[in-house]
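Read through the structure below, which is laid out as structure tokens, and then see the notes.
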Amino acid sequence: MRDSMMKQVVGAALLCCGMASATSAADYEKYLDLRAAIPSDKAAESLLTDVDVFQNTVIMVGDRGHILVSSDNGEQWTQAEVPVQYLLTAVDFGSENKVWAVGHEGVILHSADAGKTWQLQYANPHRVRTDEELNQLTDEEFTKLPQAGSPLLDVWFRDELVGFAVGAYGMFLGTEDGGKTWNDVSSRIENYDGWHLNSIAAGEDGVVYIAGEKGVLFRSDDGGENWTTLTGPYQGSYFGVLVGPMPDDVFLFGLQGNIFKSSDRGETWTKAKSKASDGLMDGVLLGSQGVMLVGNSGVILTSQDGGASFSMQITKSREALLAIRKLPNGKLIMVGQGGVQVVAPSTK
């Protein structure tokens, strides 16, 4: 483990509630702040962390439990009804109407009406334990202590039923019933030191990737049931994975502006040419050769050669850009530290 003296350092330690399967409301409500997100006219200008698009519906998530929904390519937004005020970190559609979002305190939210209203499906809240309780924990329970209260960082659904959520300290949860039950599936990957899992993404052919801290990298060729540990090109942190445009293509990007491309599903890697030195957080494909990445300090990187090299722009505000998606009308939507921006793609 990263900290061999963890038991002494934990002090007021945390214990997740029911890591083997879904927690019931009785398990976590005692430890959660269940105040609903407050409606705000400035929600679209506040910190937003992720955005996803399905057909004509756009959903953004962010600070204070804010979830915003648009059905007109981002021109107008409606704030959704959300049962928590925790920072939300990621959102993903499972189908046209069914959507999931994850965030701090290990919360998993679900919407069955295309994002208008949300219900809490799961949580892994902070819980302070006494020394006597700590001494009664098994070794397996003790290794889970840092996870309680920590954030889930990304979520991906294969369809309306099967999905996965990843997060800090190696949290890896899965469901096969649309989130009615969430199970700890961390034993499926070789992440024995509990490195943070920052991103999960899949291509159209169903190949799934997980990337995270300390260069950890995994691939599943069967939709998430079995996983292969890949030898990554870099021992720092990856913040994002982008799959495509060709079926075997995959991009990794993250700390200090590092960008790598593989054309054989992660078996070998080539480092892209770029002047970026800030962390890169998300990316989008623009046609057969175009790639755009965004990140900290307002960095926008654009490639027209399939990701071999990138040119750099920096926004005037220099505020972090955390996620980017392509809208049905061809424009791009970016979210981050300064809220939401809708822009036209540019080759400049």
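Computed values, structure above
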{"read-out": "For segment 96-101, Karplus couplings with θ = phi - 60° (6.51, -1.76, 1.60), whole Hz, Gly/Pro x", "value": "4, 10, 9, 9, 10, 9"}
{"read-out": "Rounded Å value of the spacing that divides the Cα centres of segment 198-259 and segment 289-344", "value": "20"}
{"read-out": "Long-range amide H partners of Val82 with built H, under 5 Å", "value": "Ala37"}
{"read-out": "Footprinting exposure proxy for Thr143, Thr78 (fewest neighbouring C-beta atoms within 10 Å first)", "value": "Thr78, Thr143"}
{"read-out": "Shape call, segment 94-225: gyration tensor on alpha carbons, a/c limit 1.5", "value": "oblate"}
{"read-out": "Segment 9-343 - charge dipole about Cα centre, Lys and Arg +1 at Cβ, Asp and Glu -1, debye rounded to 20", "value": "1100"}
{"read-out": "Other-chain or far-sequence residues with amide H under 5 Å of Gly339's (modelled H)", "value": "Leu48"}
{"read-out": "FRET E, pair Asp131, Asp177, Förster distance 41 Å, beta-carbon r, rounded to 0.05", "value": "0.60"}
{"read-out": "Added length on full extension, which subtracts the Cα-Cα distance from 0.36 nm per residue, Lys273 to Asn73", "value": "68.7 nm"}
{"read-out": "Value at 222 nm in deg cm²/dmol, rounded to 500, when DSSP H runs of n ≥ 4 in the chain each add -39,500 (n - 2.57)", "value": "-1000 deg cm²/dmol"}
{"read-out": "Per-q log10 I(q)/I(0), the chain, q = 0.07, 0.09, 0.11, 0.14 Å⁻¹ (Debye; single scatterer per alpha-carbon; no solvent)", "value": "-0.27, -0.46, -0.70, -1.15"}
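Quick note: the coordinates plus some simple rules give every number you see, no bench work behind them. Because the structure is predicted, anything quoted here is derived from the model rather than measured. Cβ sites come from the backbone with ideal geometry, for glycine too, and all protein chains shown count toward neighbours.
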